[in-house]
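Novice: This structure is in structure tokens; I'll ask about it shortly.
The values are calculated or read from the model by the stated rules, or taken from the named source; none is laboratory data. This is a predicted model, so every value here is computed, not measured. So basically every Cβ, Gly included, is an ideal-geometry build from the backbone, and we count neighbours across all protein chains shown.
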Amino acid sequence: MITAPLAGKNIEDAICPLDHLESAREFLSSCSKFLIIGSTGLDAGLMTFLKNAVRVAPTLYVQLVDHKRGAIAAVDRFKRTVPAFYFMQQP
């Protein structure tokens, strides 16, 4: 799933059909491996989408890639907002 900044807009305002968003929700509900690149965790629409779509799994792998300063704050935001990511390790 690729996201782009949508200042002042919700995830539903993305330029893609709503059935694509539903497909993403279905996929994320069974996904156990996540690679997050360059996201600060400040996009409320994306964070709400992930919070509602991602389910806690027995083995959940999350890798967040960013500059070290930004990555620590981003990990904290993802852990606070997306319950399934609560056990993410700090960089």
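Novice: So which residues in the stretch 1-45 are of a type in the set (Ser, Thr, Tyr) and either modelled with pLDDT of 85 or more or under 19 Å from residue 56 (Cα atoms) (or both)?
Specialist: If we filter the stretch 1-45 for residues that are of a type in the set (Ser, Thr, Tyr), which is where we start, we get 3, 23, 29-30, 32, 39-40.
Within the stretch 1-45, 23, 29, 30, 32, 39, 40 meet the criteria.
Novice: Restricting the first residue to the stretch 67-78 and requiring it to be in contact (Cβ under 8 Å) with a residue 12 or more places away in the chain, which pairs with a second residue that is aromatic (Phe, Trp, Tyr) meet a Cβ separation below 7 Å and a spacing of at least six or different chains?
Specialist: Cβ pairs passing all conditions: 78/85.
Novice: For the stretch 62-91, give me the residue count where each residue is touching a Leu at 6+ places or on another chain (Cβ under 9 Å) and of a type outside the set (Gly, Ala, Ser).
Specialist: Total meeting the criteria: 13.
Novice: Return the residue satisfying two criteria in turn: it lies in the stretch 60-79 and is in contact with a strand residue (DSSP E or B) (Cβ under 9 Å, 6 or more places away or on another chain) and in a loop (DSSP other than H, G, I, E, B), and of such residues it is modelled with the highest pLDDT. It would help to see each step written out before you state the result.
Specialist: Going through the stretch 60-79, the residues in contact with a strand residue (DSSP E or B) (Cβ under 9 Å, 6 or more places away or on another chain) turn out to be 60-66, 71, 74-75, 78.
So of that shortlist, the ones also in a loop (DSSP other than H, G, I, E, B) come out as 60, 66.
Numbers: 60: 86, 66: 82.
Result: 60.
Novice: Residue by residue through the stretch 57-76, note down the ones that are under 17 Å from residue 35 (Cβ atoms) and either surrounded by 13 or more Cβ atoms within 10 Å (Cβ to Cβ) or of a type in the set (Phe, Trp, Tyr) (or both). It would help to see each step written out before you state the result.
Specialist: Going through the stretch 57-76, the residues under 17 Å from residue 35 (Cβ atoms) turn out to be 57, 59-67, 70-71, 74-75.
Selection gives 57, 60, 61, 62, 64, 66, 70, 71, 74, 75.
Novice: Being at negative phi, among the aliphatic types (A, V, I, L, M), surrounded by fewer than 18 Cβ atoms within 10 Å (Cβ to Cβ) and in contact with a Ser or Thr (Cβ under 8 Å, 6 or more places away or on another chain): is that true of residue 44 here?
Specialist: Working: at negative phi: yes; among the aliphatic types (A, V, I, L, M): yes; surrounded by fewer than 18 Cβ atoms within 10 Å (Cβ to Cβ): yes; in contact with a Ser or Thr (Cβ under 8 Å, 6 or more places away or on another chain): no.
Answer is no for this residue.
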